Amino acid sequence: MRADPASQVLRRFRTVFNAVRSHFRSIETTVGVSGAQVWALSQVASNPGIGVGQLARKMDVHQSTASNLVRALLDAGLVVSEKGETDRRAVHLRATARGLKALNKAPAPLTGLLPDALRRLDDATLQRLDRDLEKLIRELKADPAMANVLIGSDE
């Protein structure tokens, strides 16, 4: 007997979420920091001198989320922050040797499984997913502000 459509879609969501969770666990086990922190670290390593605001934009998260990620990376000694020469309020981030070593150990994709998979989908599929997920979000009466919080984040 075939599952009803709602059950089938629920199973597909479970498959997606469990794949993402498994990838996050693999990163944490291998590197010792969260998947979100590895993604942020990879952005800092790829963009030496990046600021927290730029990092937030690249990761499409709220600036406070990026700040929390940076704080954890600083505490772990994976990045360093330097004050700007012209504007002393500006902070420029750089990956440390320890941070680069951690990135080399991390299982790919460094941006996370879901963002990486979404980037590989064609535009028509993404547009259809966007429309359909918008309907689901309305049914859930979900807080739109949650769109800028990383999956699995405590924020």
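The values are calculated or read from the model by the stated rules, or taken from the named source; none is laboratory data. All figures in this text were calculated on a predicted structure; none of them were measured in a lab. When we count neighbours, we look across all protein chains shown, and the Cβ atoms used for this are built from the backbone with ideal geometry, even at glycine. Note: areas computed on protein heavy atoms with side chains; ligands, DNA, RNA excluded. Shrake-Rupley method; radii C 1.70, N 1.55, O 1.52, S 1.80 Å.
For this structure, a couple of remarks:
- Every condition in (1) more than 10 Å from G99 (Cβ to Cβ); (2) surrounded by 21 or more Cβ atoms within 10 Å (Cβ to Cβ); (3) not charged (D, E, K, R) holds for V44 except the one numbered (1).
- If you filter the stretch 109-128 down to residues that are over 13 Å from the mean Cα position of the chain (by Cα) and assigned to a loop (DSSP other than H, G, I, E, B), you find that the one that is farthest from V38 (Cα to Cα) is D122.
- Qualifying residue in the stretch 19-29 (condition: more than 21 Å from A108 (Cα to Cα), among the charged types (D, E, K, R), open to solvent by 60 Å² or more (accessible area, probe 1.4 Å) and assigned to a helix (DSSP H, G or I)): no
- You will find that of V44, V61, V52, V70, the residue that is hydrophobic (A, V, I, L, M, F, W, C) and touching a Lys or Arg at 6+ places or on another chain (Cβ under 8 Å) is V44 and no other.
- Identity of the residue in the stretch 52-105, modelled with pLDDT of 95 or more and in a loop (DSSP other than H, G, I, E, B), that ends up least open to solvent (accessible area, probe 1.4 Å): L78
- Odd one out for R57, checked against (1) in contact with a strand residue (DSSP E or B) (Cβ under 6 Å, 6 or more places away or on another chain); (2) closer than 23 Å to A145 by Cα: (1)
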